[in-house]
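Asker: Shown below is the structure under consideration.
The values are calculated or read from the model by the stated rules, or taken from the named source; none is laboratory data. Computed from a prediction, not measured in an experiment: that's the story for all the values here. As a convention, Cβ positions derive from the backbone with ideal geometry for all residues, glycine included, and neighbour counts pool all protein chains shown.
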């Protein structure tokens, strides 16, 4: 799945990141057929890296990477990250695998926990044996229903350990603890970005509750009611994919970031109702907004303090919410 909008965005990412850090490197991307993982594959192959994607396609989509399948610098290994084995040398591991939407991980709680626990241990051992850099895609969900907003990395979180979201939240928290332990005990080069809501082309649109951004866009483009859960006053911080990608790649390549945990996301808070209204405005749709019961343990606010990432790698988001939304809607309009 490649088009002009994605090509333009890849060009923007490459202009913000020095490709020399990845050229000629052997890079393993777990979950590489997913939303963020597939973008990593595109950019890294363009940088001249040899990319191996590990994905069982339970959450990822083959169409996200089909244009790369004949590229000699790209290979897909269709297997669960928990079971992946390899004797080939790798320089960098980008561990992105996992169910990222409540609609998915609540249906697959055991698999979700196993990916974060067993899968992460598997990748940590592979990185240790290869003396490789390991970047793990953590999440803002480790903060739970945060009481401190904007939320710094020093905040320990407010998470229900046995609630409906615990398989995802606590799985990611365990993976962080495991990788920090590998860093302390073995000196493993780990980087842990806590990713806040990222959006853009290739974001999955299915699911009744998760991925409000893509769901609202699809509903607007087809003049269906826009389904808001709760009163819509809960907030999220939406970071366009080019900014997310730039942050991930700068973090991976930066020696100062070894062992660091950092927030990665936009510092602009947007209510879910504001998101719905803005999408209606851009699409000029006739959709009504309908309200539905809020699921248990849904976080009230999400907004990161990104000052640490700015200090460590010099990263700041470059794409405004308005611009990113227009590009995302244009992409969905072309591909709906």
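Asker: Mind listing whichever residues of the stretch 124-165 are touching a residue at least 12 places away in the same chain (Cβ under 8 Å) and in a helix (DSSP H, G or I)?
Answerer: 124, 126, 127, 128, 130, 140, 141, 142, 143
Asker: Looking at (1) under 29 Å from residue 6 (Cβ atoms); (2) more than 17 Å from the chain's Cα centre (by Cα); (3) in a loop (DSSP other than H, G, I, E, B), which is the one condition that is false for residue 301?
Answerer: (1)
Asker: Also: Please go through the stretch 51-62 and give me each residue that is closer than 13 Å to residue 94 by Cα and outside any loop (DSSP other than H, G, I, E, B), ordered by number.
Answerer: 51, 52, 53, 54
Asker: Of everything in the stretch 247-277, what is over 15 Å from the mean Cα position of the chain (by Cα), farther than 30 Å from residue 24 by Cα and not in a strand (DSSP E or B)? Give them in sequence order.
Answerer: Selection gives 267, 268, 269, 272, 273, 274, 275, 276, 277.
Asker: Same structure, new question: Looking only at the stretch 11-33, count every residue that is in contact (Cβ under 8 Å) with a residue 60 or more places away in the chain and farther than 23 Å from residue 82 by Cα and tell me the total.
Answerer: Taking the stretch 11-33 as the starting set, the residues that turn out to be in contact (Cβ under 8 Å) with a residue 60 or more places away in the chain are 12-13, 16-18, 21-22, 25-32.
Narrowing further to those that are farther than 23 Å from residue 82 by Cα: 12-13, 16-18, 21-22, 25.
Residues flagged as in contact (Cβ under 8 Å) with a residue 60 or more places away in the chain and farther than 23 Å from residue 82 by Cα within the stretch 11-33 amount to 8.
Asker: Still on this structure, I have one more. Which one of 53, 29 is at pLDDT 95 or above, over 20 Å from residue 189 (Cβ atoms) and under 20 Å from the mean Cα position of the chain (by Cα)?
Answerer: Working: 29 fails: over 20 Å from residue 189 (Cβ atoms).
On inspection, the qualifying residue turns out to be 53.
Asker: Condition test on residue 244, is it crowded, with 19+ Cβ neighbours inside 10 Å and touching a helix residue (DSSP H, G or I) at 6+ places or on another chain (Cβ under 7 Å)?
Answerer: Against the criterion (crowded, with 19+ Cβ neighbours inside 10 Å and touching a helix residue (DSSP H, G or I) at 6+ places or on another chain (Cβ under 7 Å)), residue 244 qualifies.
Asker: Okay, moving on. Which of the numbered conditions does residue 188 fail, given that it passes all the others? Conditions: (1) surrounded by fewer than 22 Cβ atoms within 10 Å (Cβ to Cβ); (2) more than 18 Å from residue 95 (Cβ to Cβ); (3) touching a residue at least 24 places away in the same chain (Cβ under 8 Å); (4) more than 15 Å from the chain's Cα centre (by Cα).
Answerer: Answer for residue 188: the failing condition is (2).
Asker: Within the stretch 201-212, identify whether any single residue is crowded, with 19+ Cβ neighbours inside 10 Å and free of Cβ contacts under 8 Å to residues at least 24 places away in the same chain, and answer yes or no.
Answerer: No: zero hits.
Asker: Output the residues belonging to the stretch 70-100 that are more than 19 Å from residue 202 (Cα to Cα), buried (at least 17 other Cβ atoms within 10 Å of the Cβ) and out of contact with any strand residue (DSSP E or B) (no Cβ under 6 Å at 6 or more places or on another chain).
Answerer: Across the stretch 70-100, the qualifying residues are 80, 82.
Asker: Now for a separate question. Please go through the stretch 278-336 and pick out each residue that is without any contact (Cβ under 8 Å) to a residue 12 or more places away in the chain and touching a strand residue (DSSP E or B) at 6+ places or on another chain (Cβ under 6 Å).
Answerer: none
Asker: Spot the failing condition for residue 284; the list is (1) at pLDDT 95 or above; (2) loosely packed, with under 13 Cβ neighbours inside 10 Å; (3) on the phi < 0 side of the Ramachandran plot, and only one is missed.
Answerer: Going through (1) at pLDDT 95 or above; (2) loosely packed, with under 13 Cβ neighbours inside 10 Å; (3) on the phi < 0 side of the Ramachandran plot one by one, residue 284 breaks only (3).
Asker: Also: Which condition number in (1) surrounded by fewer than 19 Cβ atoms within 10 Å (Cβ to Cβ); (2) over 25 Å from residue 49 (Cα atoms) is the one that residue 306 fails?
Answerer: Going through the list (1) surrounded by fewer than 19 Cβ atoms within 10 Å (Cβ to Cβ); (2) over 25 Å from residue 49 (Cα atoms), residue 306 breaks only (1).
Asker: Starting from residues that are touching a strand residue (DSSP E or B) at 6+ places or on another chain (Cβ under 9 Å) and part of a loop (DSSP other than H, G, I, E, B), keep the ones in the stretch 1-39 and report whichever is surrounded by the most Cβ atoms within 10 Å (Cβ to Cβ).
Answerer: 32
Asker: Return the total of residues in the stretch 288-303 being surrounded by 19 or more Cβ atoms within 10 Å (Cβ to Cβ) and over 17 Å from residue 236 (Cβ atoms).
Answerer: Matching residues across the stretch 288-303 total 0.
Asker: Which ones in the stretch 210-246 are part of a helix (DSSP H, G or I) and within 20 Å of residue 334 (Cβ to Cβ)?
Answerer: Hits for the stretch 210-246 are 213, 214, 215, 216, 217, 218, 219, 220, 221, 241, 242.
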